[in-house]
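Input: a single structure, listed below in structure tokens.
The values are calculated or read from the model by the stated rules, or taken from the named source; none is laboratory data. This structure is a prediction, so every number in the text was calculated from the model and none was measured. Ideal geometry is used to build each Cβ from the backbone, glycine not excepted, and the neighbour counts take in all protein chains shown.
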Amino acid sequence: MGYMLGGRSSSSAGEVVIDTGGLQDTPSETPGIVDEPDDGREAYADLREAEEAADNDCRLAQKSFLLFKRSSDIVLASAGLAVLSPVLLATAIAVKVTSPGPIIFKQLRFGKNKRPFVCYKFRSMRTEAPDNLPTALMNEDKNCLTPIGAFIRKTSLDELPQLVNIIKGDMSVIGPRPMILSEYRQIEMRDAYGANDIQPGLTGLAQVNGRDFVTPGLKARMDGVYRHNLSAHLDAVCFIKSIEVVLSRQGNAADSGVGKSVKKTEPAPLTLPKKRTKILVVSQHYWPEPFNFAEICEELVQRGYDVTVLTGLPNYPEGAIYPGYEGGKNRYQVRNGVRIIRSPLIPRGTSTVQRVVNYFSFSHEATKMTAGLESDFDVVLAFQTSPVMMAEPALAYAKRTGVPVLLWCIDIWPECLTAGGIPAGSAPYNLFKLISKRIYRSADRLAVTSPLFKEYLHDMFGMNTSELIDLPQYAEDLFTDEAEDIPEGYDRTKINLTFAGNIGSAQSVETIIEAARLVKEEERLLFHVVGSGSSEQTCRDLAKQYGLNNVVFHGRHPLEEMPAYYQASDAMLATFADNPVLGYTLPRKIQSYLAAGKPIIGTVTGEAARVINEAPCGLASAPEDPVGLAANCLVFAEQPDSIRVALGRRGKAYYEKHFTKQAFYSRLEKELNDLKGKKHGA
């Protein structure tokens, strides 16, 4: 019994043929959808019921088969390791003695639901060769291979360590081959055929139908055919045919002249094509979380850089994994030219203990993933908010590859711990002090968002302030745009005062609620809270307890909707908890407020207070001072429109002088280009 691939009239030896009903290289409409007839509704309902019952039976059968398949994988892989152990040992020794470098080559690949995992192979290439190209693209680079590289590729001995991946559950014996990072277009084509939602295999339908010489479109098509025809029979056919293909060496790019012989004792120098500057960005937080890191990465792509982001599963600020990312979904994405790889992590939750676990889980899991990333990035750019450990994967990659690291410090550690109630000098504080010192000192370049960070790093760790780089944050372009629509809840007849951003302990939004209570008899003032976070419900409960009707909670909104809230406001509110560490930082909301041309009323200290007073663009009082905030709100309300407008214009002028997007990217590109070609730690 055979399988025939649609559109092929015959098959050569070693090919599996599948009848797909004429599948094309692009996905077609799903057949068999029936419009509801005008009559015969009872018969039609019976038909629908029968179809649903059949679908349920198919799903149950497929689930049972997948359980059988997994059990078979474990048995076959375990048996393979045992039977082939002499071959594995001999190959490992041969790799070790014939070329310098590790025996096992680790590479990040994408498995079920595009979930990344580290794939193992015997190393067949020289350590300086590109490690992000598929075999079929290496045809002319025979000097990339080690003396035995061509042989172990021809015989597929290099793939045997993947038996360990099968036992671990990363792979199956039969399935679509796992894709590497550079094959993102192939990954997208597989999506069209539904072939990314099953476990990848050691061998598969495409491997016995042309292997390296099958076009990407046809390969994705065959992967889809396999996905929709899962059966023990098809697996058995692929398994038997794979043995035939390996023995006959059909479809192997290594047999097309790649590395057939290297006559010289010393390998010839590699001649590699010129490429765009490749940047590996490491950040625990990324889109769709409310950070501007995606804008930075996408702008770098527009400026000609090749950008890959290693990040975590989105869960900030609510503490739960975002819908669409559960169960291994969307671990690999491409957005506006940026490749995004997501590491598993434990969500931050709402408790302090779970948040600490969240901090360490990303650092640990992402560091493991860096072992499989290709080694040809030119620079690593680490975005360091909280916790400081999110920079650990960047340093681990740098240590393995020698690629230099630019660390952009946005939250200063260990001082940020005090904002969460951990006192300076305590055992946890001292532990993180040691971790922070090691991380900051290990970066090849350290950029800071606030001048006060330089003083802190000098006083705490003895770092030379002249070697630290000023790289203040900027506001997105959209905050400078005019918005026409007025959001619901705003009243043009009143003075609208808006807080926008995360609602957590560090922001002390409770101060706004207390101030609103003090001025609740002043009918001109209306307070708005736009955002979400761990303290949102506490603030809502407090407002309800006080019976306040001058506070409106809007919840969190997408970034593109925020300009409407800014433009509808007469002034913006910035509040800090009463903690010295917050004086060091300049929250990005300050730049956004300034760029929008809005006055700022704040209960702030340190750098934020300095900016408000130096601009001058508003009124500032001490952190957690509701009386001072209430008084300043009343003072602001008494000002004529001309004064309020003038404050906003001064703020915008200050922004354009100190925090523009153009200045940010000029400095960032300079530092990235200066680091390119340098060695980590040199």
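Tell me yes or no: at least one residue of the range 642-651 is closer than 22 Å to E510 by Cβ and either among the hydroxyl-bearing types (S, T, Y) or crowded, with 24+ Cβ neighbours inside 10 Å (or both). Quick ask: steps written out before the conclusion?
First, pick out the residues of the range 642-651 that are closer than 22 Å to E510 by Cβ: none.
Looking for residues that are closer than 22 Å to E510 by Cβ and either among the hydroxyl-bearing types (S, T, Y) or crowded, with 24+ Cβ neighbours inside 10 Å (or both), one finds none in the range 642-651, hence no.
Can you pull out the residues in the range 533-552 that are out of contact with any His (no Cβ under 7 Å at 6 or more places or on another chain) and buried (at least 18 other Cβ atoms within 10 Å of the Cβ)?
The first filter runs over the range 533-552 and keeps only residues out of contact with any His (no Cβ under 7 Å at 6 or more places or on another chain), leaving 533-551.
Once the filter is applied, which keeps residues that are out of contact with any His (no Cβ under 7 Å at 6 or more places or on another chain) and buried (at least 18 other Cβ atoms within 10 Å of the Cβ), the range 533-552 yields G533, S534, S535, E536, C539, L542, A543, N550, V551.
Have a look at L157, L163, L145 and point out the one that is in contact (Cβ under 8 Å) with a residue 60 or more places away in the chain and out of contact with any Gly (no Cβ under 9 Å at 6 or more places or on another chain). Explain how you work it out, then say what you get.
Details: L163 fails: out of contact with any Gly (no Cβ under 9 Å at 6 or more places or on another chain); L145 fails: out of contact with any Gly (no Cβ under 9 Å at 6 or more places or on another chain).
Going through L157, L163, L145 in turn, the sole match is L157.
What's the total number of residues in the range 142-195 that are among the small types (G, A, S) and over 25 Å from M369 (Cβ atoms)?
Filtering the range 142-195 for residues among the small types (G, A, S) gives 149-150, 156, 169, 172, 175, 182, 192, 194-195.
So of that shortlist, the ones also over 25 Å from M369 (Cβ atoms) come out as 149-150, 156, 192, 194.
Qualifying residue count for the region: 5.
Which one is farthest from T449 (Cα to Cα), of the residues in the range 351-384 that are of a type in the set (V, I, T) and surrounded by 20 or more Cβ atoms within 10 Å (Cβ to Cβ)?
First pass over the range 351-384, keeping only residues of a type in the set (V, I, T): 352-353, 356-357, 367, 370, 379-380.
Next, only the ones that are surrounded by 20 or more Cβ atoms within 10 Å (Cβ to Cβ) stay: 370, 379-380.
Working: T370: 27, V379: 20, V380: 18 Å.
So the residue we want is T370.
List every residue pair whose Cβ atoms lie under 9 Å apart, where the two residues are 6 or more positions apart in sequence or sit on different chains, the first residue falls within the range 635-663 and is more than 15 Å from E614 (Cβ to Cβ), and the second residue, located anywhere, is outside any loop (DSSP other than H, G, I, E, B) and at pLDDT below 90.
Partner pairs satisfying both residue conditions: K661/D477.
Considering the range 348-370 alone, what residues qualify as being more than 30 Å from T401 (Cα to Cα) and either touching a Leu at 6+ places or on another chain (Cβ under 9 Å) or of a type in the set (G, A, S) (or both)? Full working, then the answer.
Here is the first cut: in the range 348-370, the ones more than 30 Å from T401 (Cα to Cα) are 348-355.
G349, S351, listed by residue number.
Read through the list (1) out of contact with any strand residue (DSSP E or B) (no Cβ under 8 Å at 6 or more places or on another chain); (2) under 22 Å from V173 (Cα atoms); (3) free of Cβ contacts under 8 Å to residues at least 60 places away in the same chain, then give the number of the only condition that A92 fails.
(1)
Go through the range 198-214 and report how many residues are of a type in the set (D, E, K, R) and surrounded by fewer than 23 Cβ atoms within 10 Å (Cβ to Cβ).
Within the range 198-214, the subset of a type in the set (D, E, K, R) is 211-212.
Cutting the leftovers down to surrounded by fewer than 23 Cβ atoms within 10 Å (Cβ to Cβ) gives us 212.
So the answer is 1.
For the range 511-568, which residues satisfy the criterion of being more than 20 Å from L634 (Cα to Cα) and in a loop (DSSP other than H, G, I, E, B)?
G531, S532, G533, S534, S535, G547, R556, H557, P558 - these are the residues of the range 511-568 that are more than 20 Å from L634 (Cα to Cα) and in a loop (DSSP other than H, G, I, E, B).
Inside the range 215-248, can you point out the residues that are crowded, with 18+ Cβ neighbours inside 10 Å, within 30 Å of the chain's Cα centre (by Cα) and small (G, A, S)?
A220, G224, listed by residue number.
For the range 55-102, which residues satisfy the criterion of being within 33 Å of the chain's Cα centre (by Cα) and either of a type in the set (D, E) or not in a helix (DSSP H, G or I) (or both)?
Correct list: D73, G101, P102.
Is there a residue in the range 224-237 that is closer than 19 Å to E159 by Cβ, among the hydrophobic types (A, V, I, L, M, F, W, C) and assigned to a loop (DSSP other than H, G, I, E, B)?
First, pick out the residues of the range 224-237 that are closer than 19 Å to E159 by Cβ: 226, 235.
So of that shortlist, the ones also among the hydrophobic types (A, V, I, L, M, F, W, C) come out as none.
Scanning the range 224-237 turns up no residue that is closer than 19 Å to E159 by Cβ, among the hydrophobic types (A, V, I, L, M, F, W, C) and assigned to a loop (DSSP other than H, G, I, E, B).
Within the range 80-122, how many residues turn out to be more than 27 Å from R342 (Cβ to Cβ) and buried (at least 21 other Cβ atoms within 10 Å of the Cβ)? Let's see the steps before the verdict.
Kept after step one, since they are more than 27 Å from R342 (Cβ to Cβ), are these residues of the range 80-122: 80-101, 103, 122.
Then drop every residue that is not buried (at least 21 other Cβ atoms within 10 Å of the Cβ), which leaves 91, 95, 122.
Count: 3.
So which residues in the range 428-444 are under 19 Å from Y397 (Cα atoms) and assigned to a helix (DSSP H, G or I)? Walk me through how you get there before you give the answer.
First, the residues of the range 428-444 that are under 19 Å from Y397 (Cα atoms): 435-444.
Across the range 428-444, the qualifying residues are I435, S436, K437, R438, I439, Y440, R441, S442.
Please give the strands (runs of 3 or more DSSP E) falling wholly within the range 297-409 in which 2 or more residues are of a type in the set (S, T, N, Q) and touching a Lys or Arg at 6+ places or on another chain (Cβ under 9 Å).
Working: elements: 306-312, 332-335, 338-343, 379-384, 405-409.
It comes to 306-312.
Any idea how many residues of the range 187-225 are modelled with pLDDT of 90 or more and of a type in the set (F, W, Y)?
0
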